[in-house]
Amino acid sequence: MMRFENVDVIDTLRKIMQHNTEHYQSDFEYDIARLQRAAEDSRGSRCFLWLSRGFGTWCFEERDVYIRNTHAFNTWDYYNHSSENVKAFAVEIEALQDKAVVGHVFELDYKTHIEDVRKNSFNAQSVEAVFKHPDSNNGYIRKFDIDEYNTNWYSIGQRYGEIETLRYEVGDEQRLQDVLGKARQIRILNTTAGNLDEYIAAMVKERFHSYGYTRDDMVFTTPGDVFDALEHKVPVYMLSKDNIREPVISTDEISYHIFHKGIFGMTPEDKRLLEYLLALPENRAELFNRTELNKIYTLAIAAGQSGDLDKTALKTLEAIVYKLDRVLPAPLEPAENVREKDEELEV
């Protein structure tokens, strides 16, 4: 098990999510907001449990996960028998530095962790609710017995308004804090400092191999990226066992492969190209405008037809032309390019 120390927490979790969560990656925006609020509030919780699965992510205060029948407890326990590719992590926030949430991220053995939660969880005795209140910056605070709240939560909301935060209280807070402290000690002992890029590469490799695709020529690609790749005419593949890869040529094929829980892949070079194409237009035009890109395209075609280049140089030019074909909305035909270049040389 790995840990990543003194890292940009949000960036670290985002990279893991991008390579493990295939659908509803927008869930992560809620996690970002929660972690940023925690980093800005030195008095609040600094320890969280985060879960990435095939269909979204979850982020909870660690304390809430150890209190029975809370939303955090029930959700964390729910995926124990799920067929989704579940990855669980503990997050400890240290500071907010230049708007970055800095802290430590610990990989967890999810099933072992669930057993620990079940064994050491506490019953809630009461709940403190902070309601949004127009006349108070701190909200309007009310405390309810847990049975009263669980039975009448809907009418409570109607009476007092929208709930901003909830804090569940247990009978012995010190014992709960001791359990949380022990859990933090265990994860330090059970993890070793690791490199995030190496961790993600190993994670993707393991996932591909579990599907029977053992070649190392593809990178993980979400269904959303597959549709984008097809739209931008960037090659993307359906991967199957026995190292079979089939190019995607229609949206129907994508839907069929998703329905049968298939995986997709792209070459690293094409994945970087797709990321470039999906960037904001102003970002794509930082170095060259359309006229300049057309000129590069023209020069590349002419150079490739000159006969003066070796195989390595020709391969480089082919890659340049390939990328420009996708970057330019309507590149000139090679014959036109060459003819235009010849005319310029005559002038």
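The values are calculated or read from the model by the stated rules, or taken from the named source; none is laboratory data. No experiment lies behind these values; they were computed from the predicted model shown. No Cβ is skipped: glycine too gets one built from the backbone with ideal geometry, and neighbour counts run over all protein chains shown. These accessible areas exclude ligands, DNA and RNA; they are computed on the full protein's heavy atoms, side chains included. Shrake-Rupley method; radii C 1.70, N 1.55, O 1.52, S 1.80 Å.
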Place a label point 7 angstrom from the Cα of A279 along the Cα-to-Cβ direction, then list the residues of the stretch 205-240 whose backbone nitrogen is under 19 Å away.
-> 225, 228-229, 232-235
Find how much the distance from W153 to T75 grows on full extension, using 0.36 nm per residue of separation minus their present alpha carbon separation; answer in nm with one decimal.
-> 26.2 nm
Send over a whole-number figure in Å² for the accessible area per residue of the stretch 107-232, probe 1.4 Å.
-> 61 Å²
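Tell me, what is the FRET efficiency for R207 and R175 to the nearest 0.05, using R0 = 56 angstrom and their Cβ-Cβ distance as r? Please report the intermediate quantities before stating the final value.
On the way: r = 39 Å, r/R0 = 0.70.
The value I calculate is 0.90.
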The stretch 45-111, convex hull of Cα, quarter of hull surface, nm² -> 4.9 nm²
Could you give the length gained on full extension between L96 and D308, defined as 0.36 nm per residue of separation minus the Cα-Cα distance, in nm?
-> 70.7 nm
With a Förster radius of 35 Å, plug the Cβ-Cβ distance of K261 and Y140 into 1/(1 + (r/R0)^6) and report the FRET value to the nearest 0.05.
-> 0.15
For F131, residues with placed amide H under 5 Å, excluding near neighbours = Y140, I141, R142, E164
Extension reserve of the D197-S250 stretch, reckoned as 0.36 nm per residue once the Cα distance is removed = 15.9 nm
Rg and Dmax of the stretch 91-196, Cα atoms, in Å?
-> 18.4, 51
Using just the C-alpha positions of the stretch 213-264 as equal point scatterers, what log10 of I(q)/I(0) does the Debye formula give at each q in 0.17, 0.22, 0.25 1/Å?
-> -0.45, -0.76, -0.98
In the stretch 1-144 the accessible area split gives carbon plus sulfur, as whole percent at 1.4 Å, a share of 42 percent
Taking the Cα-to-Cβ direction at E128 and at L189 and moving 7 Å from each Cα, how far apart do the two end points lie in nm?
-> 3.3 nm
